[in-house]
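Below is one structure; the comments refer to it alone.
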Amino acid sequence: TDTTGLISAVIEELPQRTALLGLSSNPMRGTGFVAFTLAKKSHITLEIIDIQGRVVKVLARGEYDRGYYRLRIDGKALPQGIYFVRLKADGKDHVNKFLLVR
């Protein structure tokens, strides 16, 4: 499990659904955060995809417990443009679009 930049918040009420909650800022300028919830322990992949559908960065992959998560995105090495953040969990894809600007 790659937890580089991963922050797991302890919240009294556990989530009832798996969801990609979105980005802290959109458009994003260099760095930002993406938040997601897991309704149960799941194997996940969280990745950034460019406009042509190519995976340009894997943010997290592995087994994660039920809960709320917030992950730092460092987009400084990526060219500006339109991207998607995709959470794969429980056989479903959850996708949000974002704009990276300089």
Determine the alpha carbon to alpha carbon distance for each of Lys57/Lys88; Lys40/Lys88; Lys40/Lys97; Lys76/Lys97 and list only those over 22 Å.
Lys40/Lys97
How much length is gained if the chain between Ser25 and Asp65 is pulled fully straight, taking 0.36 nm per residue apart and subtracting their Cα-Cα distance, in nm to one decimal?
11.8 nm
Please provide three numbers in whole Å: the alpha-carbon extents of the chain along the principal axes, with the largest listed first.
37, 25, 21
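In square angstrom, what is the accessible area per residue of the chain with a 1.4 angstrom probe?
59
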Where the accessible area of the chain is counted over protein heavy atoms with a 1.4 Å probe, how much of it, in %, is carbon and sulfur?
49
1/(1 + (r/R0)^6) with r = Cβ-Cβ of Val101 and Val55, R0 = 25 Å, i.e. FRET efficiency to nearest 0.05, evaluates to 0.75
Just by accessible area at a 1.4 angstrom probe, what is the order of Arg70, Arg102 from largest to smallest?
Arg102, Arg70
For Ala35 and Arg17 in one chain, what is 0.36 nm times their gap in residues minus the Cα-Cα distance, to one decimal in nm?
5.2 nm
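The values are calculated or read from the model by the stated rules, or taken from the named source; none is laboratory data. Here the structure is a predicted model, which means the values were calculated and not measured. Because the Cβ atoms are built from the backbone with ideal geometry, glycine has one as well, and the counts that use them run over all protein chains shown. These accessible areas exclude ligands, DNA and RNA; they are computed on the full protein's heavy atoms, side chains included. Shrake-Rupley method; radii C 1.70, N 1.55, O 1.52, S 1.80 Å.
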